[in-house]
Amino acid sequence: MRIGVLGATGPAGSGLAVRLASVGYDVTIGSRSKYRAMEVSDKLLAKWPGQDLSITASDNEGAAAADVVVIATPWDAAGATAASVQDELAGKVVISMANALAKVGHEFQPLVPPRGSVAASVQAAVPRSHVAAAFHHVPAKELGDIAHPIESDVLVCSDHPSATECVIDIVSSIPDLRALDSGELSNAAPIEAFAAVLLQVNVRYKTRVAIRFTGLDGAGPASRSTAAAHAATAAQDVSGADAGES
Ligand SMILES: NC(=O)c1ccc[n+]([C@@H]2O[C@H](COP(=O)([O-])OP(=O)(O)OC[C@H]3O[C@@H](n4cnc5c(N)ncnc54)[C@H](OP(=O)(O)O)[C@@H]3O)[C@@H](O)[C@H]2O)c1
């Protein structure tokens, strides 16, 4: 499966890109400038020699041609970025990882974007796609350090069950990440806003925290092998009978 990451020249997108490549996905680094994408791709490949990473570079349009696409831009650019490649994204699972936050003095404060969350704004911008929200609380630096496992829960929500399952399978393919089905896309609002709490804790305790829920012993993730099938199902859902779903 090929995963394209739009805005992958930033720390979050490049960290996720290299982590996904490290577990065997073909990854395309996307950027508004294919030359910036090439620089980042070259740097990642040079940083991790011998890892046999499948990473290529393109502009955002080229990255949006992948099977599953992640939007990793700042929150206020996510909807417009998705809309700019809406034809490429039609029928696909699109992952929104942006958090709408402002730093006011020493405080991180959550903002309320149009439609209540960034993910909902992205879904509205690309109604022919199946948007899922995920990866909001995983620190970029740890994501990008593929020499070490990264331990965290990853909350996944979507109005499209096949998109939730597809993203859960992708997350579950990364050792020590645990994907949790967190319901419909309306829950993206508190999930995104909670990132402000984590950043505040990071500042207070001079660390980089991730989240881990208790009380879930025995809850098993779906297997990775079904991710491609879920991506295909999502495509069928959009192009087929429930095309008007979103
Ligand atoms: N940093 C973290 O630890 C972390 C963790 C989880 C989630 N997130 C979320 O992930 C997203 C990306 O975080 P980041 O720190 O990597 O962000 P960033 O460095 O500020 O931006 C990422 C990339 O987005 C592109 N971009 C910037 N402004 C744009 C615009 N107006 N229109 C289109 N593209 C634009 C740029 O790529 P090009 O110029 O190359 O196009 C930039 O390199 C954020 O929404 C953040 O909330 C971050």
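Read-outs: derived from the displayed coordinates by stated rules, not from any lab. Here the structure is a predicted model, which means the values were calculated and not measured. Counting neighbours? That spans all protein chains shown, and the Cβs are built from the backbone with ideal geometry, glycine included.
Here are some notes:
- Whether the chain is rounded, prolate or oblate, judged on the alpha carbon gyration tensor where a/c under 1.5 counts as rounded: rounded
- Length gained on full extension, residue 124 to residue 181: 18.4 nm, using 0.36 nm per residue less the C-alpha separation.
- Order of 47, 206, 103 under a 10 Å beta carbon neighbour criterion, fewest first: 206, 103, 47
- For residue 174, nonlocal amide neighbours, meaning residues 5 or more places apart or on other chains whose placed amide H falls under 5 Å from its own, do not occur.
- Cα centroid separation, segment 139-179 to segment 1-78 (Å): 16
- Rough spin-label spacing in nm, given labels placed 7 Å along Cα→Cβ, for residue 202 and residue 151: 1.9
- Theoretical FRET efficiency, 1/(1+(r/R0)^6), r = Cβ-Cβ of residue 141 and residue 87, R0 41 Å, to 0.05: 0.75
- Label-zone membership for segment 15-32, site residue 65, 7 angstrom Cα→C-beta point, backbone N under 15 Å: 27-31
- Segment 1-89: relative contact order in percent, alpha carbon pairs under 8 Å with at least 6 residues between: 37
- Whole-number percent relative contact order across the chain, with pairs defined as alpha carbons under 8 Å at least 6 apart: 19
- Computed from label points 7 Å out along Cα-Cβ, the spacing between residue 212 and residue 109 is 3.4 nm.
- Counting only Cβ charges, +1 for Lys and Arg and -1 for Asp and Glu, the dipole size of the chain around its Cα centre is about 820 debye.
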